[in-house]
Amino acid sequence: MNRILAILSIAILITGCAGTPHLTSPNGKIALDINQDSTTTLTVKYVNGNSSENLFTISSLGVMTSDSANVSTNFSFKKTTPGVKSEYTMLTGKKSVCTNEYNEYEFASDDIEGVSMILRIYNDGITLRYVTTPDSPIVGEITQYTIDADKKRWMQRYDPGYERFFPEQTGHDQKDDRWGYPALVEFSDSTWGLFTEAAIEKENCASLLKATDNESEYAVEWASSASCTATPWRVVIIGSLNDIVESTLVTDVSPEARIDTSWIEPGVASWIYWAHNHGSKDYQILKQYIDLADTLNLPYTLIDAEWDEMSNGGDINDVAAYAASKGVKPLIWYNSSTGWINGAPGPKFRLNKPEDREKEFAWLEDNGFAGVKIDFFPGDGQETMNYYIDLLESAAKHHLLVNFHGATVPRGWQRTYPNLMSVEGVYGAEWYNNAPILTNRAAAHNATLPFTRNVIGPMDYTPCTFSDSQHPHITSHGHELALTVLFESGIQHLADRPESYLAQPAEVLEFFSTLPSTWDETKLLAGYPGNHTVIARRKGSDWYIAGINGTDEPMEVTPDYSPVNKGEISGTMFTDSGKPDNPWSISSITSLPEKINMQPRGGFVIKMQ
């Protein structure tokens, strides 16, 4: 049966006209003007006192449905739900108790019964989605953003594995290309925006941004065909750089937890693959990483690819038994068997069918495994989104934590399925194995990620490499240690080899043994994308302040300690000595330093009570 597609362009009464309320955030700082001339536009403004700044427009709004002829562009204001406010708790992430506060506005189609646009305005951004009835499913949308081409932006060219850099660009550099989420834009010295999406359900595919032949325009492009009754939320975080980094908007707009969470325990893990790409085939090497986790008081160790080919004195059952004897919980790798299959490492085809997945996950639970790392996914299409959710739901039934690799970026599942500990979707330290591309660009890249990729959810960068893999790193020891705090991941995998970690000073080993992987509060103290970053994170009564220099020159920073400084403190500061034979400078401090000097590509950490 042929489908007749209906394009529904949203045409809403001009703001302030009879029947249509003024569209603002609860605190009044974000306002929207909706108007219609020859086309429908939605102008997003940032309000400061009596003045306002136009940031960008949503220059096309609408959906395509499968059951109607082309219709007129008639939408009417339906209702307002102001002052919605609630709190929820996250087991992972940048903040443990989150506030979900917004004003909601609904506009209904005059032409197709049941089709609506839902607009929510938060104090730190806007979200919108389209909804319909089951008998009139949505099969596409025509949402489009228009952003001044002269504005600086940090965007990653679209790649299904999201392993690319975020170079500083303008719209003049981006015509006719495809860009992945998230996308950071500097609208002015004090106002920024981060574009992404959230709340992917089984009926959805993910989307990306398609730059049109107009260098100011980006269309929301679906990654595959899909048919849904509700689109994902289109999300734009808006405010200062502090607002961007500290925002929980992606999880705010996502569905609440759907699984029992009483068993979930995030933590830090030792990881074999970075130093030994085929090490999980060797029982004796795996034992070294279990011993490392035991020595450093880490709760987890990750057994990576090819464990099904293990030899040299033991097999996977022996590894599980040895880990149990040391009080270390093993995590274990699988090939998703949907992306890279031919020539790829195994084990393969153990998770694709529900009955096989049930058998495998039950075996893992019975033998003391705490979680799975699942790798090599093919893209952002609807079938792959369904598979991700199936894996999360099946793993939760067997009390297994989940880490997706070779995968998409987080879109709020960390709230809906809290057993999701981390997602790769980043140019991480693994690339020191793959190519020399990271060596000279890592410092600036690392100083960009807290403002881009890591804003939207956990990031399995696998940090803290003091030694070298196949390709060298030129970031300092202080820089590498800082990444364990700057980069948020529910399971933080420490990538270096045992002998490298155990050669560090006792204070560094003690730091690892008490390092959190989840946080109660996060504050940006200083920074600019690609240049430098200083972030403070709180766990209980302890604050961790970490900073890195993304440049090749020495740098002095003056952090704004107002969110964390309570006067006299008891703390330890780790920074770089600048001496090759003794790279550390470690000192006890009773007050926070007003200025901090960082070496080229250097960094520091302060742990304070």
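The values are calculated or read from the model by the stated rules, or taken from the named source; none is laboratory data. Here the structure is a predicted model, which is why all the values come from computation and not from measurement. Don't worry about glycine lacking a Cβ; one is built from the backbone with ideal geometry, like all the others, and counts go over all protein chains shown.
What the table below lists for this structure:
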quantity: Condition check for GLY603: at pLDDT 95 or above and buried (at least 22 other Cβ atoms within 10 Å of the Cβ); calculated: yes
quantity: Subset of region 389-434 [of a type in the set (Phe, Trp, Tyr) and out of contact with any strand residue (DSSP E or B) (no Cβ under 7 Å at 6 or more places or on another chain)]; calculated: TYR417, TYR427, TRP431, TYR432
quantity: Test result for THR212, under 30 Å from ASN123 (Cβ atoms), surrounded by fewer than 21 Cβ atoms within 10 Å (Cβ to Cβ) and among the polar types (S, T, N, Q); calculated: no
quantity: Residues (under 19 Å from the mean Cα position of the chain (by Cα) and not charged (D, E, K, R)) located in region 186-203; calculated: TRP192, GLY193, LEU194, PHE195, THR196, ALA198, ALA199, ILE200
quantity: Condition broken by LYS353, with the remaining ones in (1) farther than 23 Å from GLU201 by Cα; (2) out of contact with any helix residue (DSSP H, G or I) (no Cβ under 9 Å at 6 or more places or on another chain) satisfied; calculated: (1)
quantity: Strands (runs of 3 or more DSSP E) contained in region 83-189 and holding at least 3 residues under 23 Å from ILE200 (Cβ atoms) and of a type in the set (Val, Ile, Thr); calculated: 125-131
quantity: Extreme residue, surrounded by the fewest Cβ atoms within 10 Å (Cβ to Cβ), among residues of region 435-465 that are within 22 Å of GLY478 (Cβ to Cβ) and among the aliphatic types (A, V, I, L, M); calculated: ALA444
quantity: Candidate set from region 575-595 (those that are assigned to a strand (DSSP E or B) and in contact with a Phe, Trp or Tyr (Cβ under 6 Å, 6 or more places away or on another chain)); member that is surrounded by the fewest Cβ atoms within 10 Å (Cβ to Cβ); calculated: ILE586
quantity: Hits in region 175-196 (condition: more than 21 Å from GLU246 (Cβ to Cβ) and surrounded by fewer than 23 Cβ atoms within 10 Å (Cβ to Cβ)); calculated: LYS175, ASP176, ASP177, ARG178, TRP179
quantity: Cβ-Cβ under 6 Å pairs, at least 6 apart or on other chains, region 441-463 side of a type in the set (Phe, Trp, Tyr), far side not in a helix (DSSP H, G or I); calculated: PHE451/LEU184; PHE451/PRO529; TYR461/VAL426; TYR461/GLY428; TYR461/PHE487
quantity: First in region 162-173 and on the phi > 0 side of the Ramachandran plot, second anywhere and outside any loop (DSSP other than H, G, I, E, B), Cβ under 7 Å, 6 or more apart; calculated: TYR162/GLN156; TYR162/GLY180
quantity: Count of region 350-386 residues which are within 30 Å of SER325 (Cα to Cα) and part of a loop (DSSP other than H, G, I, E, B); calculated: 6
quantity: Count - residues of region 259-292 that are surrounded by 17 or more Cβ atoms within 10 Å (Cβ to Cβ), touching a residue at least 40 places away in the same chain (Cβ under 8 Å) and aromatic (Phe, Trp, Tyr); calculated: 4
quantity: Neighbours by Cβ (under 6 Å, 6+ apart or cross-chain): first from region 224-242, assigned to a loop (DSSP other than H, G, I, E, B); second among the aromatic types (Phe, Trp, Tyr) and surrounded by 18 or more Cβ atoms within 10 Å (Cβ to Cβ); calculated: THR231/TYR130
quantity: Sole residue being touching a Cys at 6+ places or on another chain (Cβ under 6 Å), under 22 Å from GLN492 (Cβ atoms) and of a type in the set (Ser, Thr, Tyr), chosen from THR295, THR301, THR248, THR261; calculated: THR248
quantity: Condition check for LEU292: modelled with pLDDT of 95 or more and in contact with a Gly (Cβ under 9 Å, 6 or more places away or on another chain); calculated: no
quantity: Qualifying helices (runs of 4 or more DSSP H) (wholly inside region 471-564; at least 2 residues being surrounded by fewer than 20 Cβ atoms within 10 Å (Cβ to Cβ)); calculated: 498-502, 506-513
